[in-house]
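The values are calculated or read from the model by the stated rules, or taken from the named source; none is laboratory data. What you see is a predicted model; the values in this text were computed from it and never measured. Cβ coordinates were reconstructed from backbone atoms using ideal geometry, including for glycine residues, and neighbour counts include every protein chain displayed.
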Amino acid sequence: MTEPMPGPMRLRGAALSLITLLGGVSLAVIPAATVSISSRLFTVDEQGFLAVAVLVATFAGQLTFAVVVESRLSSAATERRVVFPLWLAAISVVTAVVVAVLPPTAVVLAIGLPILIAALEVGRGVSVAERLDRREIVASIAVGSGALVGVLAGFAGQQWALVPLVVGIAIATCIRCLPVAHRPSRPEPAVMGWVIADTAITGVVYPLLNAMILAFLGSTDAVLFASIATVSGLLAIPLNFMRLRLLKQHSRLDIVVSAASVLAAVVALLVLELAGAFGFIFGAAWAGSATLVPLLLACAWRAASLATTIPFAALRRAGAVRLLTGLRAVVSVVTFALAAAGLALESLSAVFLGLLVAELASAVVYELARRRRLERGIREAAAVEAGGGA
């Protein structure tokens, strides 16, 4: 339990948390910007291929994040310190240069995306976990500015539209790998194994699902699914921020800030949808489809993670990695089954409804597991105390 901070310190902490949280928009806009630019540079079939590649790259980023960051934050017997590894920064910068120099092709972009997004995931995760707020603000501005210029160039039909996007990522990567005073903790090998397995089991669902959508419903629906998932991913910014902070320590302030940000993000997305902004950004796949209901369901699915993240982080902090991996495996099977049932109905709304139901069910499962573990800890502590008294 953390000690309460004085009023001015709480306000300053809340302000820094909010600014850093808002900086997460830069991470969320990269997949959206990639889909938007692709809709101007590539054919419909290439766009469908890239729609799957974007989710595969996100999955690769999650796995890298699990190895570099989350495994250390989950190692309860260590100091749980993390840094941005120089090897990942170097590979990311080289990849950005290659993508910028070569003529734009779907294959080159698909190969480069996993490396670029992995660097973004790890770099932001380290900054948030270690509260490197000032450098994170500058890095976020670099990423966001590059994405904005790239999207505008795409609107103008410029073949170099991918260049500012990857240059922004390279600049942010260089900023995030600047030296820090601490050393990274060495993760516990068993914990790392369970965390990676956990992430792999959970993350593989979405690229696999979009590959099935591409195969059974076609390129347009695959692009639309990736676009809606990417747009609703704006809600994942405060959720991921809260998850990272709660992995270090429980904080009601961060929970409140994150929940308020989720609500604000939902309102912003609905306004943009009703104004027709997404149809303009993502092109024909969005503009030619009924997207309001799928978007609402996708937002509800993302927002439901609020209820999942709190007990999940509590179990992570307690070192219950083996239990969590088992629970996540069950939840992933249920998630895929419900989403596949929606796919069988040939409806993206049904797919997102399946994801929502699965998320709500997982929140119940994690909370029951947390309470059960807490009760067991209380009983064990009482038994030890009784034995000591005897």
Give the residues of region 32-55 that are of a type in the set (D, E, K, R) and either in contact with a Lys or Arg (Cβ under 8 Å, 6 or more places away or on another chain) or over 11 Å from Ala110 (Cβ atoms) (or both), sorted by residue number. Arg40, Asp45
Restricting to region 312-326, name every residue that is in contact (Cβ under 8 Å) with a residue 60 or more places away in the chain, of a type outside the set (S, T, N, Q) and farther than 11 Å from Ala76 by Cα. Phe312, Ala313, Ala314, Arg322, Leu324
Within region 301-329, considering residues that are of a type in the set (A, V, I, L, M, F, W, C) and more than 30 Å from Ser227 (Cβ to Cβ), the one surrounded by the most Cβ atoms within 10 Å (Cβ to Cβ): Val321
The lone condition Val101 fails out of (1) modelled with pLDDT of 90 or more; (2) of a type in the set (A, V, I, L, M, F, W, C); (3) surrounded by 16 or more Cβ atoms within 10 Å (Cβ to Cβ) is (3)
List every residue pair whose Cβ atoms lie under 6 Å apart, where the two residues are 6 or more positions apart in sequence or sit on different chains, the first residue falls within region 179-200 and is of a type in the set (Val, Ile, Thr), and the second residue, located anywhere, is not in a helix (DSSP H, G or I). Val180/Val83; Val191/Ser74; Val191/Ser75; Val195/Ser74
Select from region 224-264 the residues that are touching a residue at least 24 places away in the same chain (Cβ under 8 Å), over 30 Å from Glu346 (Cα atoms), in a helix (DSSP H, G or I) and small (Gly, Ala, Ser) and list them in ascending order. Ser258, Ala259, Ser261
Take the conditions assigned to a helix (DSSP H, G or I), more than 15 Å from the chain's Cα centre (by Cα) and at pLDDT below 90 and apply them to Arg131. Does it pass? no
Among (1) free of Cβ contacts under 8 Å to residues at least 60 places away in the same chain; (2) in a helix (DSSP H, G or I) - the single one Gln158 does not satisfy: (2)
So Ala300 clears everything in (1) under 19 Å from the mean Cα position of the chain (by Cα); (2) modelled with pLDDT under 85; (3) farther than 23 Å from Ala77 by Cβ except one condition, right? Which one? (2)
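Here's the yes/no breakdown for (1) touching a strand residue (DSSP E or B) at 6+ places or on another chain (Cβ under 7 Å); (2) hydrophobic (A, V, I, L, M, F, W, C); (3) more than 21 Å from Ile213 (Cβ to Cβ):
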position: Ile228; (1), (2), (3): no, yes, no
position: Ser232; (1), (2), (3): no, no, no
position: Ala236; (1), (2), (3): no, yes, no
position: Thr309; (1), (2), (3): no, no, yes
position: Leu323; (1), (2), (3): no, yes, yes
position: Gly326; (1), (2), (3): no, no, yes
position: Ser332; (1), (2), (3): no, no, no
Could you list all residues from region 314-361 that are of a type outside the set (A, V, I, L, M), closer than 27 Å to Ala290 by Cβ and touching a Leu at 6+ places or on another chain (Cβ under 9 Å)? Thr335, Phe336, Gly342, Glu346, Ser347, Ser349, Phe352, Gly354
Looking only at region 46-82, count every residue that is within 18 Å of Cys177 (Cα to Cα) and of a type in the set (Val, Ile, Thr) and tell me the total. 5
Region 171-197, residues that are of a type in the set (Gly, Ala, Ser), part of a helix (DSSP H, G or I) and exposed (fewer than 15 other Cβ atoms within 10 Å of the Cβ): Ala190
Suppose the filter is crowded, with 20+ Cβ neighbours inside 10 Å and touching a residue at least 24 places away in the same chain (Cβ under 8 Å); does Val138 pass it? no
Just to verify a result, which residue in region 254-279, among those that are under 22 Å from Phe241 (Cβ atoms) and either of a type in the set (D, E, K, R) or touching a Phe, Trp or Tyr at 6+ places or on another chain (Cβ under 9 Å) (or both), is surrounded by the fewest Cβ atoms within 10 Å (Cβ to Cβ)? Leu272
Condition test on Ser305, is it closer than 18 Å to Val205 by Cα, polar (S, T, N, Q) and out of contact with any helix residue (DSSP H, G or I) (no Cβ under 7 Å at 6 or more places or on another chain)? no
Segments classed as helices (runs of 4 or more DSSP H), wholly inside region 1-81, with at least 3 members that are at pLDDT 80 or above and either aliphatic (A, V, I, L, M) or surrounded by fewer than 17 Cβ atoms within 10 Å (Cβ to Cβ) (or both): 25-41, 44-65
